[in-house]
1. Quick check on the exposure proxy: order A:1, A:168, A:123 from fewest to most C-beta atoms within 10 angstrom.
2. Rounded to whole Å and ordered largest first, report the semi-axes of the equivalent ellipsoid of the protein assembly as shown derived from its Cα gyration tensor (root of 5λ).
3. Ranking B:134, B:25 by Cβ neighbours within 10 Å, fewest first, what do you get?
4. With axes computed from alpha carbons, what is the tilt in degrees of helix A:131-151 against the longest principal axis of chain A, rounded to the nearest 10 within 0 to 90?
5. Note the angle between two axes, namely the Cα long axis of helix A:163-184 and the longest principal axis of the Cα atoms of chain A, as a number of degrees from 0 to 90, rounded to the nearest 10.
6. Taking only the alpha carbons of the range A:1-150, what extent do you get along each of the three principal axes, in Å, biggest first?
7. Give the angle, between 0 and 90 degrees and rounded to the nearest 10, that separates the Cα long axis of helix A:60-71 from the longest principal axis of the Cα atoms of chain A.
8. Take B:95, A:97, A:172 and order them by how many other Cβ atoms sit within 10 Å, fewest up front.
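Bear in mind that the values in this text are calculations on the coordinates, not laboratory data. This is a predicted model, so every value here is computed, not measured. Note: ideal-geometry Cβ built from the backbone for every residue, glycine included; neighbour counts use all protein chains shown.
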């Protein structure tokens, strides 16, 4: 048993240090996406208004270059789209610019990536697929090893046969009870 | 120790998503010729129930779950909604302005003006005013990211 406990301690220590970074990634992202019904955890939206000299509602081939010239954007334009007689939409990397061709009113709507949160959510939700799937599976395996090895770290009344066992039981009962209640609706 | 750190760093670099020009969503798109959106919208009932490939610039996307796109037609002002199964395909917000090809079944949804589904049997009730909303229920899409 002592040899087994020694192995558990080694595993728990080595993998524990290794898991710090990814655990913070998944935990921070977990809190953020847990409240997805309240907010967009990856993007912050914005609306900005301005005005240009109205180019008129003529043919798109003539009007679109005028609009782009008057907007004087400092970023690449993906595409333009004549959404209606009076409306030209300009698509840029992080948003859409609606231009009223008659009044010259410009409304820019966009989404900015939230610093840090966008990246941790990208990993947590496995948006990139492919290589990250393997890494995430490996991290999950590390967590399983940490959980199981942790059971055997401490001997005596603070360990599995004492307070530790009670806490472990509470931690198992909580999700089981929730799952049962959730199934009953 | 140094070898472990080096190996981990190489792993992290290898895991970084490659900057791909073409991104496939869902089952992707078969190599069929696309039907112009204007042709579909000019005679929509002829296409109901058929599998189509359409393409166009994305002019709108679902802000909540990325479960639909609005594709610009080849005719100005026209758009076609491309719907996907919730959670199976999730279009990112950044896809607005990109060119997308989508494949799926063209559907006609009869909806009341109050946006509820039409009920065929409504005995004793006044005639329900319904409209038909056409959309492509896509099984896959491909985006040529700029």
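1. Fewest-to-most ranking of A:1, A:168, A:123: A:1, A:168, A:123.
2. They are 49, 28, 20 Å, listed largest first.
3. Placing the least packed residue first, the sequence is B:134, B:25.
4. 30 degrees
5. With both axes taken from Cα atoms, the answer is about 50 degrees.
6. 85, 28, 23
7. Roughly 70 degrees between the two axes.
8. Lowest count first: A:172, B:95, A:97.
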